[in-house]
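Okay, so here's the structure we're looking at.
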Amino acid sequence: MTAGTATARIRVGLLGCGTVGADFARLLVDRRAAVEDVTGISLELVRIAVRDPRKPRPEALDAELFTGDAYDVVKADDVDLVVELIGGTSAAGELVTTALEAGKPVVTANKELIAKAGPDLFAAADRAGVDLFFEAAAVAAVPILRPLRESLLAEDVTRVVGIVNGTSNFMLTRMTADGLGFDEALAKAQELGYAEPDASADVDGADAASKLAILASLAFNRAVVADDVGREGIVGLDREDFELAARFGYDIKLLAVAERFPDGHAIGAQVFPALIGRDHPLASVRDSFNAVFLTTSAAGELMFYGHGAGPRPSASAILGDVTGAADQLLRGTHRRIPVGSPARLRPARDLVHSYYVRADVEEAPGVLSEVTGVFARHGVSIRTVDQDGSESRARIVFLTFPAPEHALDDALEELRGLSRVRGVGRVLRIHK
């Protein structure tokens, strides 16, 4: 195939026609003429692999396009480009690899696959000389991966901070603004379609960890996989945490944070709920919206913001990738994915944060000095103390100066062993 003045035809094979796949197929049909007008490329959907070809499908899609054999799509001579939307890692990984080895570009929205097997797939694409695009695998319609792969390729990115899970962000917004409890917020998210019946990957941080692995790999040009990312979810946060955060001028957000350190280019990557100042740009990211905040040496601070979830935004990102991959295919070129050797990871215990710590103690003389003495012995300096209590019981909230996680963990272990400490509540990091 060669590009010329005449319209060039690219035949697309689709693996999976669920919620996102169906929206992508409809969008491709709806936007086909517009794409052709702008690019001179005619995108034609020629085959669709599904589990049950007899199941009713969107009226815009011809029933003859459907097959129950995914390899029939991947290996077909009349398929130039493959879109993988079946999810999972095992079967999807084999299909994507087969397509790449056959010289066919692949577009996927499969964050789990890219976060787990990305380095191997990147190498397979490079060997075959074809493209692997996966914009929708990170923050759906928010265009962040292509800028990292292209516009910021020569930039020195030192930090990536993101709100990359729409379900948890919606829940935290409602817990902050409406005073909902965790269970109420989750039920509301499920009612509105922001959360699946099983929302465990959203609320325990697994989804955000996969996305951060992808973002960190491209930002730092080092292979980071999901298992490299430490994670804590939002389970266990209660109304008191939100009330106290507001008192100190903070909101609570589930943050995905990756940082490259100057000493040997070590990388730290974590997902955790954190207190974030209300004047920070990420504090204004509400409901199901997502955003990624980059710190760079030359360009300074950059933020990418938009809908990070949902079938339609994902379909938009997929179609953009298909158009780009089709153009590269017609030109006989491909864009190498700039991810090198595995990252050297800094252990989580050595990462430095400020902290919010809530403790319930007996209301008695000397308790405060006893507790603060524990922090001092482990090298954790207290910035702010807030105490409130009754005749027999007090709640103390500490905001600390930056300290390594191992120092705080050691202090908390000793604190929990004190006879006059009745309990230590959720500990949260403070993001600056």
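Okay, residues lined up against (1) under 29 Å from the mean Cα position of the chain (by Cα); (2) surrounded by 15 or more Cβ atoms within 10 Å (Cβ to Cβ); (3) among the small types (Gly, Ala, Ser); (4) not in a strand (DSSP E or B):
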| position | (1), (2), (3), (4) |
| --- | --- |
| 314 | yes, yes, yes, yes |
| 319 | yes, yes, no, yes |
| 325 | yes, yes, yes, yes |
| 336 | yes, no, no, yes |
| 355 | yes, yes, no, no |
| 372 | no, yes, no, yes |
| 383 | no, no, no, no |
| 394 | no, yes, yes, no |
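The one condition from (1) touching a strand residue (DSSP E or B) at 6+ places or on another chain (Cβ under 6 Å); (2) among the aliphatic types (A, V, I, L, M); (3) touching a residue at least 60 places away in the same chain (Cβ under 8 Å) that residue 96 does not meet is (3).
Within segment 262-312, the set of residues being within 23 Å of residue 249 (Cα to Cα), in contact (Cβ under 8 Å) with a residue 40 or more places away in the chain and not in a strand (DSSP E or B) comprises 280, 282, 285, 286, 287, 288. Residues that are within 20 Å of residue 353 (Cβ to Cβ), surrounded by fewer than 16 Cβ atoms within 10 Å (Cβ to Cβ) and hydroxyl-bearing (Ser, Thr, Tyr) within segment 396-432 are absent altogether. All conditions but one from (1) more than 27 Å from residue 227 (Cα to Cα); (2) of a type in the set (D, E, K, R); (3) in contact (Cβ under 8 Å) with a residue 12 or more places away in the chain apply to residue 405; the one that does not is (1). Can you find a residue that is assigned to a helix (DSSP H, G or I), closer than 26 Å to residue 222 by Cβ, in contact with a Leu (Cβ under 9 Å, 6 or more places away or on another chain) and not hydrophobic (A, V, I, L, M, F, W, C) anywhere in segment 91-101? Checked segment 91-101: at least one residue is assigned to a helix (DSSP H, G or I), closer than 26 Å to residue 222 by Cβ, in contact with a Leu (Cβ under 9 Å, 6 or more places away or on another chain) and not hydrophobic (A, V, I, L, M, F, W, C). What are the pairs, 6+ residues apart or on separate chains, where a residue within segment 223-238 that is within 12 Å of residue 271 (Cα to Cα) has its Cβ under 7 Å from a residue that is charged (D, E, K, R)? Between residues of segment 223-238 that are within 12 Å of residue 271 (Cα to Cα) and residues that are charged (D, E, K, R), the close pairs are 226/116; 233/204.
To keep it simple, each residue is scored yes or no on (1) touching a helix residue (DSSP H, G or I) at 6+ places or on another chain (Cβ under 8 Å); (2) in a strand (DSSP E or B); (3) surrounded by fewer than 18 Cβ atoms within 10 Å (Cβ to Cβ); (4) not polar (S, T, N, Q).
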{"site": "9", "(1), (2), (3), (4)": "no, yes, yes, yes"}
{"site": "12", "(1), (2), (3), (4)": "yes, yes, no, yes"}
{"site": "20", "(1), (2), (3), (4)": "yes, no, no, yes"}
{"site": "25", "(1), (2), (3), (4)": "no, no, no, yes"}
{"site": "28", "(1), (2), (3), (4)": "yes, no, no, yes"}
{"site": "42", "(1), (2), (3), (4)": "yes, yes, yes, no"}
{"site": "47", "(1), (2), (3), (4)": "yes, yes, no, yes"}
{"site": "58", "(1), (2), (3), (4)": "yes, no, yes, yes"}
{"site": "73", "(1), (2), (3), (4)": "no, no, no, yes"}
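Just to verify a result, which residue in segment 173-211, among those that are within 24 Å of residue 19 (Cβ to Cβ), in contact (Cβ under 8 Å) with a residue 40 or more places away in the chain and among the hydrophobic types (A, V, I, L, M, F, W, C), is surrounded by the most Cβ atoms within 10 Å (Cβ to Cβ)? Residue satisfying both the conditions and the ranking: 208.
Residues that are more than 30 Å from residue 241 (Cα to Cα), in contact with a strand residue (DSSP E or B) (Cβ under 7 Å, 6 or more places away or on another chain) and exposed (fewer than 14 other Cβ atoms within 10 Å of the Cβ) do occur in segment 280-298. The residues listed here are 99, 128, 92; of these, the one that is surrounded by fewer than 21 Cβ atoms within 10 Å (Cβ to Cβ), small (Gly, Ala, Ser), touching a helix residue (DSSP H, G or I) at 6+ places or on another chain (Cβ under 9 Å) and assigned by TED's automatic domain parsing to the domain that holds residue 322 is 128.
The values are calculated or read from the model by the stated rules, or taken from the named source; none is laboratory data. Small disclaimer: the values here were computed from a predicted structure and weren't measured. Counting neighbours? That spans all protein chains shown, and the Cβs are built from the backbone with ideal geometry, glycine included.
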